[in-house]
Amino acid sequence: MRGTQWYVVVTIESDISVPDAPVRGRAIGIDLGLERFLTASDRSFQERPKFFKSMQRKLKLLQRRAARKQKGSQNWEKAQIEVTKMHHRIANRRKDFHLKTAHQLCDRAQTIFAEDLNVTGLTRGMLRTDCVDAAFGQFLSLTE
């Protein structure tokens, strides 16, 4: 089991309906984009860090090293673990940025309005690597 992480998901189903909360306090609207990751209605913005682009050279090197190993050997297993760790490192950096940005937004406003993005449609276009690197869907689910 080369570097595998295990997660447990617990789902509880109940018949309780939760009413929608009325808008209270300060409200803010956000627009997500590729030039700037986030532009808020109060004219503040957050630049988009390019997690995949910044670590792409190192990942490419690790993948090339793994491809040169004899498949199934111990050195191939070690190289695969290194590639997996690099992917996890990129994902963890991205998620940390999303959590910190969502926390800042929640500190500034009680209600956050976001645009309704077609996230799956964005991952099919010409700018798919940039859209996947920005991970708008993950960010929107965290701000909920």
Fill in the blank from the handout: Options (1) 15.7; (2) 14.9; (3) 18.2 are given for Kirkwood radius over Cα pairs in Å, and the computed one is (3)
Handout entry: Amide H within-cut-off set for Ala114, under 5 Å, with H built and near neighbours excluded
Key = Ile30
Handout entry: Distance (nanometres) between label positions extended 7 Å along Cα→Cβ at Ile81 and Lys50
Key = 3.3
Exercise for the section: With only Lys, Arg, Asp and Glu charged, each at its Cβ (+1 for the first two, -1 for the last two), find how big the charge dipole of the chain is about the Cα centre; round to the nearest 20 debye. Expected result: 1480
Problem - Once the Cα gyration tensor of the range 92-144 is diagonalised, semi-axes √(5λ) in Å - result: 22, 14, 7
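Hey, which of these cross-link pairs are over 20 Å Cα-Cα: Lys58/Lys85; Lys60/Lys100; Lys53/Lys78; Lys50/Lys71; Lys50/Lys85? Provide the component values of the computation, followed by the final result.
Working: Lys58/Lys85 12 Å; Lys60/Lys100 28 Å; Lys53/Lys78 24 Å; Lys50/Lys71 32 Å; Lys50/Lys85 18 Å.
Distance filter (> 20 Å) returns Lys60/Lys100; Lys53/Lys78; Lys50/Lys71.
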Handout entry: Residue-normalised accessible area of the range 1-120, given per residue in Å² at a 1.4 Å probe
Key = 80
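Find how much the distance from His103 to Ser141 grows on full extension, using 0.36 nm per residue of separation minus their present alpha carbon separation; answer in nm with one decimal. Show your work: numbers first, answer last.
Details: separation 38, 0.36 × 38 = 13.68 nm, distance 1.28 nm.
Working it through step by step, the gained length comes to 12.4 nm.
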Fill in the blank from the handout: Per the rule of 0.36 nm per residue minus the C-alpha distance, extending Gln63 to Val8 adds in nm 16.9 nm
Completion exercise
On the accessible surface of the range 1-137, probed at 1.4 Å with all protein chains in place, carbon and sulfur together account for a percent value of 51
Handout entry: DSSP bridge orientation in the chain - percent antiparallel, rounded to nearest 5
Key = 60
Problem - Within a Gaussian network of the chain (alpha carbon springs, distance under 10 Å), most fluctuating of Ser14, Ser73, Ser44 - result: Ser14
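The values are calculated or read from the model by the stated rules, or taken from the named source; none is laboratory data. Fair warning: this is a prediction, and the values are worked out from it, not measured in the lab. Neighbour counts run over all protein chains shown; Cβ positions are idealised from the backbone, glycine included. Heavy atoms of the whole protein, side chains included, go into the accessibility calculation; ligands, DNA and RNA do not. Shrake-Rupley method; radii C 1.70, N 1.55, O 1.52, S 1.80 Å.
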